[in-house]
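Asker: Below is the structure I would like to discuss, written out as structure tokens.
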């Protein structure tokens, strides 16, 4: 009989979906001389880390935040015990941080072993998320509106990436967003990204967005290109609302090999490219928003990315924000915020842009919700 320990991945697969943190904690105590263990999840705004094993305990400290931001292990060496902070991520999606206090000597081997445990936990947490509310409850610091509940359930995630690219998105206000949305999907060497600015507010805006997004997904999953996706979604929205409501949408299909981008600009989202120290707006001809008229037809426009380019797409809640009659955020302040992201990954850059937007409002409540999507093409 083999005395090798059961891999944590096997134990996680056998566990109930709401008990994954406890399974990992037991494994670490048994096989890695672990003392204090905590699983921290990023909250809805990705500005804090919330504990799962001890919900009333402390959240993420500076080292945990550094690990979460850099997506690299951080080890704090101390005389009595070492503390390791391991990122929890799946295909570019940042989930949180696994904190392990252990008396084992620090070193490359220990970090690699604990990283493998963290990776298995991250995959299991992602798979378990639809099956239990435990993890969703942990990342909410307040109750969501019904509109926001619909929007968060509709999102594909908050980041996605591999060695070719990294894309990230952020919605605000997180607990009361209603019409703005982003979506993406990866298929071979093709990444499809959409940013949508819904009409109206409250639950009705969220329902409109739900119709438009699912219509585009339905077309896309049937093999339709972005023109056909836009046309089917426009027909679906018009059939439901008769032109009384519409959804301004930018659809992008990105070739991850050559950097060619096909675009359907159906409304107000704006795209910019940051290249070296230069930032330029992508010149696209706006076509009709989805659902404004029946049987609307759309045309593709094209532009190209170069290696190391950063593509930023924002809804009008970002670029057109003019609190107190000020100059719209998109005319200069947005460019300044984007320049500050030059050394940040896309996952951090979206937060920098949104913080700049909040500062621009100087404490006043925004008139509109906002979405920012950032894509780094790493080729």
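The values are calculated or read from the model by the stated rules, or taken from the named source; none is laboratory data. Since this is a predicted model, take the numbers as computed values, not measurements. Every residue, glycine as well, gets a Cβ built from its backbone with ideal geometry; the counts of neighbours run over all protein chains shown.
Asker: Of the residues 308, 370, 362, which is touching a helix residue (DSSP H, G or I) at 6+ places or on another chain (Cβ under 8 Å) and loosely packed, with under 15 Cβ neighbours inside 10 Å?
Answerer: Of 308, 370, 362, the one residue that is touching a helix residue (DSSP H, G or I) at 6+ places or on another chain (Cβ under 8 Å) and loosely packed, with under 15 Cβ neighbours inside 10 Å is 362.
Asker: Sticking with this one: So if I check each of 324, 317, which one is touching a residue at least 24 places away in the same chain (Cβ under 8 Å), in a helix (DSSP H, G or I), out of contact with any helix residue (DSSP H, G or I) (no Cβ under 7 Å at 6 or more places or on another chain) and more than 22 Å from residue 169 (Cβ to Cβ)?
Answerer: 324
Asker: Now, a different point. Within the stretch 253-270, how many residues are at pLDDT 95 or above and closer than 18 Å to residue 198 by Cβ?
Answerer: Result for the stretch 253-270: 3.
Asker: Now, a different point. I want to confirm something. Restricting to the stretch 16-41 and keeping residues that are assigned to a loop (DSSP other than H, G, I, E, B) and either free of Cβ contacts under 8 Å to residues at least 40 places away in the same chain or out of contact with any helix residue (DSSP H, G or I) (no Cβ under 8 Å at 6 or more places or on another chain) (or both), which single residue is surrounded by the fewest Cβ atoms within 10 Å (Cβ to Cβ)?
Answerer: Result: 16.
Asker: Among (1) touching a residue at least 60 places away in the same chain (Cβ under 8 Å); (2) in the same structural domain as residue 53 (by TED's automatic domain parsing); (3) in contact with a helix residue (DSSP H, G or I) (Cβ under 6 Å, 6 or more places away or on another chain), there is one condition residue 114 misses while meeting the rest; what is its number?
Answerer: (3)
Asker: So, one more: Determine which member of the set 98, 86, 104, 44 is in a loop (DSSP other than H, G, I, E, B) and over 25 Å from residue 144 (Cβ atoms).
Answerer: The unique qualifying residue is 104.
Asker: Of everything in the stretch 334-379 that's within 23 Å of residue 179 (Cβ to Cβ) and over 20 Å from the mean Cα position of the chain (by Cα), which residue is modelled with the highest pLDDT?
Answerer: That would be 360.
Asker: If you don't mind, another one. Residue check, residue 88 against (1) buried (at least 18 other Cβ atoms within 10 Å of the Cβ); (2) more than 18 Å from residue 22 (Cα to Cα), all met but one. Which one?
Answerer: Status for residue 88: all satisfied but (2).
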